[in-house]
1. Hey, among the residues in the range 64-90 that are closer than 12 Å to residue 165 by Cα and in contact (Cβ under 8 Å) with a residue 24 or more places away in the chain, which one's nearest to the ligand (Cβ to nearest atom)?
2. Kindly indicate which of 380, 344 is in contact (Cβ under 8 Å) with a residue 12 or more places away in the chain, within 18 Å of residue 112 (Cα to Cα), within 16 Å of the chain's Cα centre (by Cα) and in a strand (DSSP E or B).
3. When residues of the range 141-166 are filtered for being touching a residue at least 40 places away in the same chain (Cβ under 8 Å) and either part of a loop (DSSP other than H, G, I, E, B) or over 19 Å from residue 60 (Cα atoms) (or both), how many remain?
4. All but one of (1) surrounded by fewer than 22 Cβ atoms within 10 Å (Cβ to Cβ); (2) touching a helix residue (DSSP H, G or I) at 6+ places or on another chain (Cβ under 6 Å); (3) closer than 18 Å to residue 311 by Cβ hold for residue 203, so report the exception by its number.
5. When the residues of the range 274-313 are filtered to those that are at negative phi, part of a loop (DSSP other than H, G, I, E, B) and exposed (fewer than 15 other Cβ atoms within 10 Å of the Cβ), which remaining residue is modelled with the lowest pLDDT?
6. Applying the selection to the range 10-42, what residues are within 30 Å of residue 346 (Cα to Cα), surrounded by fewer than 20 Cβ atoms within 10 Å (Cβ to Cβ) and in contact with a strand residue (DSSP E or B) (Cβ under 9 Å, 6 or more places away or on another chain)?
7. Within the range 91-109, identify whether any single residue is more than 11 Å from the ligand (Cβ to nearest atom) and crowded, with 24+ Cβ neighbours inside 10 Å, and answer yes or no.
8. Select from the range 110-125 the residues that are under 17 Å from residue 155 (Cβ atoms) and in a helix (DSSP H, G or I) and write down the one among them that is nearest to the ligand (Cβ to nearest atom).
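The values are calculated or read from the model by the stated rules, or taken from the named source; none is laboratory data. These numbers were taken from a predicted model, which means no experiment stands behind them. All Cβ positions, even for glycine, are placed from backbone atoms using ideal geometry, and neighbour counts span all protein chains on display.
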Ligand SMILES: Cc1cc2nc3c(=O)[nH]c(=O)nc-3n(C[C@H](O)[C@H](O)[C@H](O)COP(=O)(O)OP(=O)(O)OC[C@H]3O[C@@H](n4cnc5c(N)ncnc54)[C@H](O)[C@@H]3O)c2cc1C
């Protein structure tokens, strides 16, 4: 979906290489992309004809188990960070697919299984080391360049190349994982239960739901294979007996099948979805927030499920709240935390011949649901055709972000991102 051919790739081996690449490209006025894991749905990790600053050789991780802090380099994948921190029985809250780049994920915010218990990834950052647009190396923390520190927690790749993240860690080695599918007839009932239960749920519980097509194999009863269904995923981080009680209650709502419940290692949790997102597939997303999941929103989702155009295309739903929801709106640049229901329309297919069907399904469902949504969007779930929604992502934080951008990158050198243009323009 983002097939581009840069003129040159700088495979930086250290911070000085990054500084040289930035200075050279800025002096010559070369269009420059910064690439960590290359998972940007909009294709911002590459460009046509310009320079790619490839951070994939910068993957060092240093863990201090005593202070429960880690420093990891700007090119790390989530899996690199997880394997280093798990050697000490510690975790850094991040996303759910281990080959995602930590760089792009953390700078945009970072949601995952631990979001309700420990906050967004960006809420757990205590300092950044960053190469700015003039090639200088800066530190951003509560005490150094505090406005930049604020902007980097959610503002994406707009402000420079982060060469090191310093983060807080938390103890955790295993979790209770449960999953099931729910029959189409009970979709409405399960979604209603979910919306009523989640606002009072303990932070230790992460219960995600997707509106999907039931698997086309023996995981589903024959009569509903490939037909609309719900996929339920529950992760519990607390006392096992209490977790089992929650899971059993969830399993008892309506007709569910392929019910599974097991205690697994944190590394197994973090890699279990890896194979579902192989490189080379085609993806398109549109995302938004709901303050309430009304019956009419649920009905629209059920209706949309009847026309899902590809086996893996789906409506992903998550409930924010918890630790992430308690961080004040102005504490970080990350967008709205007050609307707790997050929806991501995710189209995922194989052949370019099916582009139009998948993309138009996402756009149509989005336009049906849009009037019921609260303005706002998570920048890391945006596709490349939604630049006009970037101010919507930040809302009352927008002007402050423009000010920080204007100060640190007045010529908009870092513009292959969900862009915040500087006031002076480029
Ligand atoms: C399969 C898959 C699973 C995902 N799962 C989750 C999830 O669980 N939770 C979630 O929150 N998001 C998730 N996302 C979205 C993800 O957060 C974004 O796509 C993110 O931008 C990926 O970062 P990256 O480093 O891999 O991407 P890249 O394409 O390398 O970069 C993305 C953007 O970040 C900038 N950037 C990257 N590293 C740096 C750096 N060190 N310094 C400065 N700028 C940098 C780039 O310039 C670019 O603008 C997922 C995406 C995919 C494709």
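1. Step one: filter the range 64-90 for residues closer than 12 Å to residue 165 by Cα, giving 69-76, 81.
From what is left, the residues that are in contact (Cβ under 8 Å) with a residue 24 or more places away in the chain are 69-76.
On the way: 69: 19, 70: 15, 71: 13, 72: 10, 73: 8, 74: 3, 75: 7, 76: 9 Å.
Checking each candidate, the answer is 74.
2. Criteria check complete, one pass: 344.
3. 13
4. (3)
5. Once the filter is applied, the top-ranked residue is 279.
6. Result: 31, 41.
7. For the range 91-109, residues more than 11 Å from the ligand (Cβ to nearest atom) and crowded, with 24+ Cβ neighbours inside 10 Å: present.
8. Here the answer is 122.
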